[in-house]
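As structure tokens, the structure follows; a few thoughts come after it.
The values are calculated or read from the model by the stated rules, or taken from the named source; none is laboratory data. All of these numbers come straight from a predicted model, not from anything done at the bench. Here Cβ is always computed from backbone atoms with ideal geometry, including for glycine, and neighbour counts include all displayed protein chains.
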Amino acid sequence: MSDLRRAFADGKAFIPFITCGFPDLETTGKVVRAAAENGADLIELGIPFSDPTAEGPVIQGANIRALAGGITTDKVFEFVMELRRDVKIPLVFMTYANVVFSYGAERFMARCCETGVGGIVIPDLPYEEKDEFSAVAKQYGVDIISLIAPTSANRIAMISKEAEGFIYIVSSLGVTGTRTEIKTDIGDIVRTIRENTSVPCAVGFGISTPEQAAKMASLSDGAIIGSAIIKIIDKYGRDAAPYVAEYVKSIKEAVRNC
């Protein structure tokens, strides 16, 4: 069992997303630890990028502020190295293809291996172009996390068969952000995934409440939440960690009991 699949070993998983360096790395460290201590099974760490095309205004704003504060990819790797002293749950990065290209794909994957980051989500990397990174990622034991969207249709089986780590199901068309209702037939997508792989799948985009998280987790293997957490950090700034802890605890309880 890979390190990432371990996150799903004890039931439904909750995966929070946190932008590194928003509002600063010290706060990010406190928030990540608070999430890990209060039920997060795997944490998705965002490496800021100047043109995050998959993100809505909330996470876009976090990216801009983190970059303005001097965050670099090197600083993120150094931060994760320090984080790994006490945070033992699986970690993945979420960033964009240009970040990996500009850093150097082999250097990037080698540093993921060095810092204990088991996978990477690259939302602007088409399935047909994943070979750009997959060979070097495999060399260093890093999973390229596949995304399946409502528009994937006949490609779901093809993507599922080659998936590794876990599959990220995008619940809604458009960018990240909270939504009052998720209308996509997640159950149908999951059925197709199950027919083609045993790799676990989790649903993200648009989830913000315990009720939504429980519903999505009941249909899949877990729930992913980003914008709602970034909103909490935006509201409370450097004092956000206990509020994130309370939120994560409520979501994990809902997911566990779904």
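Quick notes on this structure:
- Residues being under 25 Å from residue 20 (Cβ atoms), in contact (Cβ under 8 Å) with a residue 12 or more places away in the chain and acidic (Asp, Glu) - total across region 200-258: 2
- Selection status of residue 12, of a type in the set (Lys, Arg) and over 16 Å from the mean Cα position of the chain (by Cα): no
- Residue in region 84-94 that is modelled with pLDDT of 95 or more and of a type in the set (Asp, Glu) present: yes
- Enumeration of residues in region 115-138 that are of a type outside the set (A, V, I, L, M, F, W, C), at pLDDT 95 or above and either crowded, with 19+ Cβ neighbours inside 10 Å or within 21 Å of residue 17 (Cα to Cα) (or both): 115, 116, 118, 119
- Residue within region 196-206 that is surrounded by 14 or more Cβ atoms within 10 Å (Cβ to Cβ), of a type outside the set (D, E, K, R), assigned to a helix (DSSP H, G or I) and at pLDDT 95 or above present: yes
- Scanning region 52-68 for residues that are part of a helix (DSSP H, G or I) and either in contact with a Pro (Cβ under 9 Å, 6 or more places away or on another chain) or surrounded by fewer than 18 Cβ atoms within 10 Å (Cβ to Cβ) (or both) returns 57, 59, 60, 61, 62, 63, 64, 65, 66, 67, 68.
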